[in-house]
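A.B. asks: Dropping a structure here in structure tokens format, bear with me for questions.
The values are calculated or read from the model by the stated rules, or taken from the named source; none is laboratory data. Worth saying up front: this structure is predicted, and the values here are computed from it rather than measured. Note that each Cβ is placed from the backbone with ideal geometry, even for glycine, and that neighbours are counted across all protein chains shown.
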Amino acid sequence: MIPLFNIFSRLKDRIPFFTIGGFPSPVQRLDGLCGLTGNKNLFVKKDDLCGTLYGGNKVRKLEFLLGDALANNYKHVITSGAAGSNHARATATYASVAHLKCTLMLFDQPTSSTVQKNLLADIIHNSSIFIDPSYESHRRHLEDVIETITEKELQAPYIIPAGGSSTVGSIGFVNAGFELADQIARGELPRPDSIFVTLGTMGTVAGLVLGLKASGISCKVHAVRVVADFVGNFDKCIILTEKTNKLLHDNDPAFPILSFSENDLIVYGNYFGNGYAIPTPEGERFIELISKSDTIELDSVYTGKCGAAFYDYVTNAGNKETVLFWNTKSSHEEPSLETPCNPESLPVSIRKYFT
């Protein structure tokens, strides 16, 4: 039984859950980085390894989102993201495991090897893909596709928000907070003073802030924004945290109503750079550094930028805090996703990303 349900048993009967992950994800001391910085208490939480087919932070959310869809007899899920969205790939992968149809409503972004691999995975897992040239046209098109699916199948699709970030999806990281508390109790790591994690669509951060506080772990979450401020910010994140808190309390009154402040969460905006999916020099330097020091592979869009903030923090003079870096990138690669490939064999909508 997952830690959240083990402690709040009424939630088990009221919150649907679909097992796709392998938890707990391991915690590892960053020995190489400890040697470089002189701080012996630097750790990584390896959510990159948590999925059976594809890892990363989306797996925790999808266990609750797909569980909710199945419990309510939906046959089709639809979600959104950029062309190379990790969330879209994870949804396509695990929707196929759940025997649910999957439609991905995507919008254009610059191509890269990660974009190519994720689009190939989307196809391999039999998702329907629509790609619009801009975020604005994507939003208009999304409504039309939902209407078309509803008319054709006589049932609306289950809508999974971008990034899986909703009150239901955030429960996955509430559980992650309790999971970390168990690992601390078992002596796998000391209680962190600070945790660094990427802030995108906010579900990861909102759930983690709530889970840590509800489990009695007193530490600050340092959320490093990798999206525009209007997408994710402190105020919106706290609102999502509070709404998730209410959902859990409503389903099990034993789950406490908590209050949140700047003592629980700090949001960094100065590592975002020139835009979403645009690498930063400091992010690229940290990606290279931790690859050599601890053989951990990060990415330019999300974890590299978060890692740059983490590194600056732990290299401050005299900083000997216990600090945990939460790796939200997937380390799983399916052997069938090798690139390059023949663009002519691909659907017209995605060929330009391979030419």
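A.B. asks: Within the stretch 179-192, how many residues are without any contact (Cβ under 8 Å) to a residue 60 or more places away in the chain and part of a loop (DSSP other than H, G, I, E, B)?
C.D. replies: To start, the set of residues in the stretch 179-192 that are without any contact (Cβ under 8 Å) to a residue 60 or more places away in the chain comprises 184-187.
Imposing the further condition that a residue be part of a loop (DSSP other than H, G, I, E, B) reduces the set to 186-187.
Residues flagged as without any contact (Cβ under 8 Å) to a residue 60 or more places away in the chain and part of a loop (DSSP other than H, G, I, E, B) within the stretch 179-192 amount to 2.
A.B. asks: Could you list all residues from the stretch 24-52 that are part of a loop (DSSP other than H, G, I, E, B), within 16 Å of the chain's Cα centre (by Cα) and buried (at least 17 other Cβ atoms within 10 Å of the Cβ)?
C.D. replies: First, the residues of the stretch 24-52 that are part of a loop (DSSP other than H, G, I, E, B): 24-26, 30, 38-41, 50, 52.
So of that shortlist, the ones also within 16 Å of the chain's Cα centre (by Cα) come out as 24-25, 50, 52.
The answer is Pro24, Ser25, Cys50.
A.B. asks: Right, here's the next one. Out of the residues in the stretch 131-145 that are under 24 Å from the mean Cα position of the chain (by Cα) and not small (Gly, Ala, Ser), state the one that is surrounded by the fewest Cβ atoms within 10 Å (Cβ to Cβ). Reasoning before the result, please.
C.D. replies: Going through the stretch 131-145, the residues under 24 Å from the mean Cα position of the chain (by Cα) turn out to be 131-132, 134-136, 138-139, 142.
Filter once more, keeping what is not small (Gly, Ala, Ser): 131-132, 135-136, 138-139, 142.
On the way: Ile131: 20, Asp132: 18, Tyr135: 13, Glu136: 10, His138: 20, Arg139: 13, Leu142: 19.
Among residues in the stretch 131-145 that are under 24 Å from the mean Cα position of the chain (by Cα) and not small (Gly, Ala, Ser), the one surrounded by the fewest Cβ atoms within 10 Å (Cβ to Cβ) is Glu136.
A.B. asks: Also, I was wondering about something else. List pairs: first in the stretch 53-69 and closer than 10 Å to His87 by Cα, second surrounded by 24 or more Cβ atoms within 10 Å (Cβ to Cβ) and of a type in the set (A, V, I, L, M, F, W, C), Cβ under 7 Å, 6+ apart or cross-chain?
C.D. replies: Between residues of the stretch 53-69 that are closer than 10 Å to His87 by Cα and residues that are surrounded by 24 or more Cβ atoms within 10 Å (Cβ to Cβ) and of a type in the set (A, V, I, L, M, F, W, C), the close pairs are Gly56/Ala90; Lys58/Ala90; Val59/Cys50; Val59/Ala90; Leu62/Ala90.
A.B. asks: Just give me the residues in the stretch 95-116 being in contact with a strand residue (DSSP E or B) (Cβ under 7 Å, 6 or more places away or on another chain) and outside any helix (DSSP H, G or I), in sequence order.
C.D. replies: Passing the criteria: Leu100, Lys101, Cys102, Thr103, Leu104, Met105, Leu106, Phe107, Asp108, Gln109.
A.B. asks: Can I ask one more? Among the residues in the stretch 326-336, are any under 14 Å from Leu42 (Cα atoms), at pLDDT 85 or above and not in a strand (DSSP E or B)? Lay out the reasoning, then the answer.
C.D. replies: Pass one, the stretch 326-336, residues under 14 Å from Leu42 (Cα atoms): 326-327.
Now drop any that are not at pLDDT 85 or above, which leaves 326-327.
When the remaining residues are screened for being not in a strand (DSSP E or B), the result is none.
Among the residues of the stretch 326-336, not one is under 14 Å from Leu42 (Cα atoms), at pLDDT 85 or above and not in a strand (DSSP E or B), which makes the answer no.
A.B. asks: Please state which one of Val323, Val231, Val226 is surrounded by 13 or more Cβ atoms within 10 Å (Cβ to Cβ) and modelled with pLDDT under 95.
C.D. replies: Working: Val323 fails: modelled with pLDDT under 95; Val226 fails: modelled with pLDDT under 95.
That would be Val231, the only listed residue that is surrounded by 13 or more Cβ atoms within 10 Å (Cβ to Cβ) and modelled with pLDDT under 95.
A.B. asks: Output the residues belonging to the stretch 247-277 that are surrounded by 15 or more Cβ atoms within 10 Å (Cβ to Cβ) and either of a type in the set (Phe, Trp, Tyr) or modelled with pLDDT under 95 (or both).
C.D. replies: Residues satisfying the conditions are Phe255, Phe260, Tyr268, Tyr271, Phe272, Tyr276, Ala277.
A.B. asks: Please name all residue pairs, on different chains or six or more residues apart, with Cβ atoms under 8 Å, provided the first residue is in the stretch 7-23 and is surrounded by fewer than 20 Cβ atoms within 10 Å (Cβ to Cβ) and the second residue is outside any loop (DSSP other than H, G, I, E, B) and polar (S, T, N, Q).
C.D. replies: If the second residue must be outside any loop (DSSP other than H, G, I, E, B) and polar (S, T, N, Q), the pairs left are Arg10/Asn251; Arg14/Asn251.
A.B. asks: Specify which of the listed residues (Ala176, Ala88, Ala156, Ala92) is at pLDDT 95 or above, outside any loop (DSSP other than H, G, I, E, B) and over 25 Å from Leu346 (Cβ atoms). Break it down into steps so the answer makes sense when it comes.
C.D. replies: Details: Ala88 fails: over 25 Å from Leu346 (Cβ atoms); Ala156 fails: outside any loop (DSSP other than H, G, I, E, B); Ala92 fails: over 25 Å from Leu346 (Cβ atoms).
Step by step, each of Ala176, Ala88, Ala156, Ala92 is checked, and only Ala176 is at pLDDT 95 or above, outside any loop (DSSP other than H, G, I, E, B) and over 25 Å from Leu346 (Cβ atoms).
A.B. asks: Looking for something at negative phi, in contact with a Leu (Cβ under 9 Å, 6 or more places away or on another chain) and at pLDDT below 95 - is there at least one such residue anywhere in the stretch 21-35?
C.D. replies: yes
A.B. asks: Assuming Asp132 fulfils every condition listed in (1) without any contact (Cβ under 8 Å) to a residue 60 or more places away in the chain; (2) on the phi > 0 side of the Ramachandran plot apart from one, which condition is it?
C.D. replies: (2)
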